[in-house]
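The values are calculated or read from the model by the stated rules, or taken from the named source; none is laboratory data. Computed from a predicted structure; not experimentally measured. Glycine also receives a Cβ, built like all others from the backbone with ideal geometry; neighbour counts cover every protein chain displayed. Note: areas computed on protein heavy atoms with side chains; ligands, DNA, RNA excluded. Shrake-Rupley method; radii C 1.70, N 1.55, O 1.52, S 1.80 Å.
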Amino acid sequence: MEYISTRNNQKIFTFRDIFLKGLAEDGGLFIPKSVKPFSNEEINNLKNLSYNDLATEIIHPFIGDFMSKDDLISSISKSYSNFRAKNVVKINELGNLKVLELFHGPTLAFKDIAMQLIGNFYEHHLKVEQKKINIIVATSGDTGAAAIDALKGKKNLNVFVLHPNNRISPVQRKLMTTNDASNVFNIAIDGNFDDCQNLVKTMFNDEKFSKTINMSGVNSINWARIIAQAVYYFYAYFKVGTGEPLSFSVPTGNFGDIYAGYLAKKLGLPIDKLIVATNKNDILHRAISGGDYTQKKVMETNTPSMDIQIASNFERLLFDVKGCNSDVTKQLMSKIKNNTYKIDNEDLDKIKKNFISEMLDENETIKMIKDINDEFQIVIDPHTAVGIGAVKKLGIEKNCVVLSTAHPCKFPKAIEDAISKAENLPESLRYINDRTEKFEVLANNIKKVKDYVTSSIRN
Ligand SMILES: *Cc1c(COP(=O)(O)O)cnc(C)c1O
């Protein structure tokens, strides 16, 4: 498959190129030049596959000669062998509503599903080419832990994780900072997630720096994550098995997970609506409901993994809406940068064919955790509560699947507020409470971060 950047549709890249680069040098995001949908017959043939076999069939067409199909099969099997669910994910029923649990991986959030695979893709690549790679990643809390677990101890590779200091939950932090592998470096930035993300983008775009350290990235803009995440939309569709089109409600921050659903739809999966569920950092809800894409200041909420105002992956959708015109996309992205972009009605109509949106504030989120606990005696995490609440507010529970993105124990404060009891860590992870944490606190300053990275590599 051939890839291009959203800001230059002329230059062609291979999967290997785009996997290792993450972000294009022109600042754009990589996307396939074209996506061929599966035929109805092909979709039918996928129906009864195990999760791993399904993942192989969906991912294989995207990776070209990066690895053989046999190597892909063993990478997938290795990636998911330590999940607590036999078929990676589970589906739960809450009345009319189906909940797709994506948090049965090693660090208790959906991000493990793509990240474990990416870790094994790097390992495969580094077997062929023994050049040291430095991965730098920004996290709103969950990506970092998933990346560290997937990359710890891998040869010829270091991983640097930037998280917003004091703005993630202690469990989220400990899952990152108690890892003692010598190739793992945690940095707490005095700023918010968007600041962390901007620091990583600046390092990428500094060609001299990124070439010198052979920098690579695993943020949610990395196309490999999107493909790996498209798999569970298919799996859920087949498991729910009503034959009718399904809608999916997705707690959304960076627009990565929900964009994977859009990819599944482009691949021919009968998806009706993709529901963008946000917290009060609601830029995507304002955009999709009324075209207002102005950034406001990021507010802290009880769903920290969605405390984002720059939804990077949205660029991929805008590129599509603009008929894959990269010049227009480029202009539009500079308007977004100046905070002067409003989506016009014609484009908004196109977006609304596939997406609808809803927002939950802090109290609504807590109330939803309580209501679900009262009615079904299960504890959901606050992000999942936002996904469920969006569906309920929209009144479209029939034929709808909500993505449950994290284990409730990652967000004990919200759970405590809602149902006055603590949700414990799974037995296998309790050790993080007894270990010493290791991380460096740095100012939101590009020079300081670069210096830290370069000196850590040298040592
Ligand atoms: C990352 C994350 C999200 C948001 O996913 P995006 O791909 O950034 O939209 C939602 N919930 C949880 C628990 C997360 O970790």
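Listed by first and then second residue, the pairs with beta-carbon distance under 6 Å, at least 6 apart or on different chains, first residue in the stretch 242-256 and open to solvent by less than 20 Å² (accessible area, probe 1.4 Å), second more than 12 Å from the ligand (Cβ to nearest atom) and part of a helix (DSSP H, G or I), are LEU246/TYR237; SER249/ALA390; SER249/VAL391. Every condition in (1) within 19 Å of ASN92 (Cα to Cα); (2) among the hydrophobic types (A, V, I, L, M, F, W, C); (3) surrounded by 18 or more Cβ atoms within 10 Å (Cβ to Cβ) holds for ILE415 except the one numbered (1).
When we screen ASN82, ASN134, ASN120 for residues that are touching a Leu at 6+ places or on another chain (Cβ under 8 Å), away from the ligand (no atom under 13 Å from the Cβ) and over 24 Å from VAL240 (Cα atoms), the only hit is ASN134.
The residues of the stretch 91-112 that are more than 11 Å from the ligand (Cβ to nearest atom) and either of a type in the set (S, T, N, Q) or closer than 20 Å to ILE258 by Cβ (or both), listed by number, are ILE91, ASN92, ASN96, LEU97, LYS98, VAL99, LEU100, GLU101, GLY105.
Among what's in the stretch 304-315 and is assigned to a helix (DSSP H, G or I) and under 14 Å from the mean Cα position of the chain (by Cα), pick the residue that is nearest to the ligand (Cβ to nearest atom). This residue is SER305. ILE343 meets all of the listed conditions (1) open to solvent by less than 30 Å² (accessible area, probe 1.4 Å); (2) touching a strand residue (DSSP E or B) at 6+ places or on another chain (Cβ under 6 Å); (3) of a type outside the set (Phe, Trp, Tyr) but one, namely (2). Put simply, of GLY64, GLY22 the only residue that is at pLDDT below 95 and either touching a Leu at 6+ places or on another chain (Cβ under 7 Å) or open to solvent by less than 20 Å² (accessible area, probe 1.4 Å) (or both) is GLY22. Every listed requirement among (1) within 24 Å of VAL137 (Cα to Cα); (2) part of a helix (DSSP H, G or I) is met by ASN44 save one, (1).
Out of the residues in the stretch 202-232 that are of a type outside the set (Val, Ile, Thr), over 17 Å from GLY144 (Cβ atoms) and not in a helix (DSSP H, G or I), which is nearest to the ligand (Cβ to nearest atom)? The extreme case among them is ASP206.
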